[in-house]
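The values are calculated or read from the model by the stated rules, or taken from the named source; none is laboratory data. None of the values given here were measured: they were computed from a predicted structure. Neighbour counts are summed over all protein chains in view; Cβ atoms, including those assigned to glycine, are modelled from backbone coordinates with ideal geometry. Ligands, DNA and RNA are stripped out before the accessible areas are found, and what is left, the full protein with its side chains, is counted by its heavy atoms. Shrake-Rupley method; radii C 1.70, N 1.55, O 1.52, S 1.80 Å.
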Amino acid sequence: PINDLDNSVINGILPESFNEALRTFLLTASQSYLSPEKFGKKVSMMVHPAREVATHRDWGQVISNNINEWKSIINYSGAGAFLEIHEENFYKAYKKLKKGNKGIASFSDLIEYVPKVIQLLLVTTLNADSENENSRRRVKWKSTKFHILIGGDLLDRGFVVKGLVTSYMPRSIGVGNSDTIQQRGRFYGYKRDQSTQKYNTLF
């Protein structure tokens with residue numbers, strides 16, 4: 001949404017469009033348990049809010065805080081307590097997701113796996129700055145199946161995000177350079193169906 005192109009974090013609150021994208025990602029990650037043949041070894045979300053390093057850090061901190069809060073609820077109060085709070089919002093995201101994904105599992109099946117995905121989820125902020133020269137190597141891919149990566153130009157071009165299924169980029173087109181737009185367009189390409197070796201748009 002146009003109103004969400006302001007990519008600053010205000011009072012620790014992220015745009016609702018991001019929250020919707022996150023819920024969509026978690027549901028898609030849950031689908032990987034039910035139809036693993038359609039996914040690789042990793043399932044990832046990429047968040048590219050701006051070029052500025054400080055903005056990446058802000059987003060990374062808030063996203064990490066939110067995910068850790070969810071993990072605490074699940075660990076100390078149980079998955080049922082988490083679902084009681086958040087199930088309605090996940091269902092809204094599911095209805096939109098299902099419109100373009102007819103083969104997706106039922107909501108009741110998917111939502112049961114969401115707490116498990118959250119517990120395994122790793123959030124990593126990547127920057128190509130002087131303090132972080134080896135940031136390309138900092139993603140601990142082997143530690144878990146589920147990842148959220150936050151960054152800017154490092155993720156914008158030439159960086160392989162393994163198992164990318166969800167991209168969130170609240171940026172304008174800028175001056176509209178065609179090469180930049182084409183590079184970003186790769187995020188929205190087709191995924192190969194590993195079982196039939198045909199391309200499809202499922203996830």
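Test of understanding: among Ala21, Ala54, Ala29, which residue is under 14 Å from Met169 (Cβ atoms) and either at pLDDT 90 or above or not aromatic (Phe, Trp, Tyr) (or both)?
Unique residue meeting the criteria: Ala21.
Which is modelled with pLDDT under 90 and of a type in the set (Ser, Thr, Tyr), of Ser108, Ser178?
Testing whether each residue is modelled with pLDDT under 90 and of a type in the set (Ser, Thr, Tyr) leaves just Ser178.
For region 1-51, enumerate the residues that are open to solvent by less than 20 Å² (accessible area, probe 1.4 Å), within 18 Å of Leu155 (Cα to Cα) and more than 14 Å from the chain's Cα centre (by Cα).
Ala50
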